[in-house]
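First up is the structure itself, then whatever we jot down about it.
Bear in mind that the values in this text are calculations on the coordinates, not laboratory data. Predicted model only: the values in this text are computed from it and were never measured. Cβ atoms come from the backbone with ideal geometry, glycine included; neighbour counts cover every protein chain shown.
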């Protein structure tokens, strides 16, 4: 039998974060509401397969695609996905599975077939419209933060925002952790002013130098971020963007890197 889309471990962590559901009215109860687990299963099916919301089969018992989409929007506005990511990072930190000695930053191009906000012409794909996923991972490939921009935005212009998006990670006694000691990046981040900005944030930046011969040795430490993207883009909805609105694409991104965090627990 196929593996279930929603594991019990993920549901136990998410269930307590969901906002309460309004009780049904006695006189006009309307349709029987879906359970949170049904809704999340329908959302995961769309995210993994890349289908449109209206094409999701109702035979799954998760209601219509439009209902799942409305729940996804409501949970996003309630901050559920940010809380889930912070809970998972806290568990990983408590289990000593986050390596704060170094982190890597990188971006990946995603084709946007229907356009939308945070999209732009690509310089590597015949100027087709797309977006960029910028991500910061630790030394094991655990995603610490991710941001979304148009594909024509330079990586270096998003560096500060991506690094500052790392949330305070709790899970142990004392102050929350947020700062990896070193930050690695490819030549797209080479900039002395940005290195100084990282140092002021308490991070020692080491970026590949432009116009330097290959073989800097950073590949031996940065391959984990490439592996992260190979996992990340296995989901059809993250490999090819079909959401016009960024506010509907970002929650699928956040759910995607929360699923990767679950791999390490």
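Annotation: peptides 134-141, 242-249, ranked by per-residue average of other Cβ atoms within 10 Å with the highest first, follow the order 134-141, 242-249. Kirkwood radius, the stretch 107-188, all distinct C-alpha pairs, inverse of mean reciprocal distance: 14.1 Å. Report the Stokes-Einstein translational diffusion coefficient (µm² s⁻¹, integer) for the stretch 150-206, Rh taken as the Kirkwood radius over Cα pairs, at 37 °C with viscosity 0.692 mPa s. The diffusion coefficient I find is 263 µm²/s. For the chain, the Kirkwood estimate of the hydrodynamic radius, built from every pair of different alpha carbons, is 19.8 Å.
What relative contact order, as a whole-number percentage, does the chain give when Cα pairs under 8 Å and 6 or more residues apart are counted? Display every interim value, and only then the final one.
Values: 430 pairs, mean separation 56.3, N = 265.
With pairs under 8 Å counted, the relative contact order is 21 percent.
Annotation: the stretch 151-265 has a Kirkwood hydrodynamic radius of 16.5 angstrom, from the mean reciprocal C-alpha pair distance. Antiparallel as a % of all DSSP beta bridges within the chain, to the nearest 5? Among the beta bridges of the chain, antiparallel pairing accounts for roughly 70 percent.
Express as a percent, rounded to the nearest 5, the fraction of DSSP beta bridges in the stretch 120-265 (both residues included) that run antiparallel. Could you put the intermediate results ahead of the total?
Numbers: 10 of 14 bridges.
Looking only at bridges with both residues in the stretch 120-265, the antiparallel portion is about 70 percent.
Tell me the angle of helix 80-94 to the major Cα principal axis of the chain, expressed in degrees between 0 and 90 and rounded to the nearest ten. Computed tilt is about 60 degrees. Peptides 145-158, 194-207 ranked from most to least packed by the mean count of surrounding Cβ atoms within 10 Å: 145-158, 194-207. Restricting the calculation to alpha carbons of the stretch 1-118 gives Rg and Dmax of 17.6, 60 angstrom.
Nearest 10 degrees is fine. How inclined is helix 65-77 to the longest principal axis of the chain, computing both from alpha carbons? Orientation of helix 65-77: about 60 degrees from the principal axis. Helix 219-232 and the longest principal axis of the Cα set of the chain meet at an angle near 20°. Exposure proxy ranking for 181, 97, 54, based on other Cβ atoms within 10 angstrom of each Cβ and starting from the fewest, stands as 54, 181, 97.
Per-residue ellipticity at 222 nm from helix content only, as computed over the chain with -39500 (n - 2.57) for each DSSP H run of at least four residues, stands at -11500 deg cm²/dmol. Once C-alpha pairs closer than 8 Å and six or more residues apart are averaged by separation and normalised to the residue number of the stretch 39-195, the relative contact order reads 21 percent. Build a GNM of the chain with springs between Cα atoms under 10 Å apart, and of 66, 235, 122 the one that fluctuates most is 66.
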